1. Semi-axes of region 1-112's equivalent ellipsoid from the Cα gyration tensor, sqrt of 5 times each eigenvalue, largest first, rounded to whole Å?
2. State to the nearest 20 debye the size of the charge dipole of the chain about its Cα centre, where the only charges are +1 on K and R beta carbons and -1 on D and E beta carbons.
3. At 1.567 mPa s and 4 °C, plugging the Kirkwood radius over alpha-carbon pairs of region 136-210 into Stokes-Einstein gives what diffusion coefficient in µm²/s?
4. What ranking, highest mean first, results for peptides 141-153, 37-49 when packing means the other Cβ atoms within 10 Å averaged over each residue?
5. The chain: Rg/Rh from Cα coordinates, Kirkwood Rh?
6. So the label point goes 7 Å from the Cα of Val59 along Cα→C-beta, right? Which residues of region 9-51 then have their backbone N under 14 Å from it?
7. Using helices alone, I'd like the mean residue ellipticity at 222 nm for the chain: each DSSP H run of four-plus residues gives -39500 (n - 2.57), total over residue count, nearest 500.
Amino acid sequence: MPEPLHAIIFRSIYISSIAALLAFIVGLFIVVFLLKAPARVSRNALGVFEGLVGIPPIVVGVFMYMLLYPGGPLGPLRLLYTPTAIIIGEFLVALPLAVVFMHRPLESLWRDLTELVESLGAPKSKAVPLVLRESPPILLTAYLVSFSRAIGELGVALIVGGGIEGVTNVMTTAIALETSLGNYEVALKLGIILVLIAVSLILVLRLAGARIVEAA
């Protein structure tokens, strides 16, 4: 009996939400570190993350597979073909994008607020909470970008998840599988739902961001 579509959709949202949240949190810590680091270090590190954005996700999937397969360094953890493996893979794919997306707008805020803090005689580190308080729309949008990148990813989900029905089958792997089987109607339904989720999330977060700006 085919797996219900709602189960695939829920699994996709669950896995990608966690992966995006991890990418957002780790990315924010990285950005804060780069803001406080010397300009040369920050510039070089940002260049690395910008380069990582362009790496095909399937390369990340192959790298993870080499780590997680039974004979690999992390094979004893038995994470291959599990939701956890997909979460880790989507996290790695979304992290560079989260860092790059947050860095430039937060850097602009950082410059302005550090000047204000230093003029008051306080250390530059005191500007960090001020930057975070002034940047909810930026942070919300960064999470949106991370989630969109994660939920639309196929390479990692297919290689380390395997598209196992009832376990690791997410929307992108289900679309690929149903298309290969000739079930174009099911594949089209899942594709439309995937697009609707992405568009709905954009509208919700833009509305939330607008309200935050108006309230500030």
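1. Equivalent ellipsoid semi-axes, largest first: 32, 18, 11 Å.
2. 520 debye
3. D = 96 µm²/s.
4. The peptides rank, most packed first, as 141-153, 37-49.
5. 1.05
6. 48-51
7. Using -39500 (n - 2.57) per qualifying helix, the result is -25500 deg cm²/dmol.
Only the coordinates and a few stated rules stand behind these numbers; no lab work does. All values reported here derive from a predicted model rather than from experimental measurement. Using ideal geometry, Cβ is built from the backbone for each residue, glycine included, and neighbour counts are taken over all protein chains shown.
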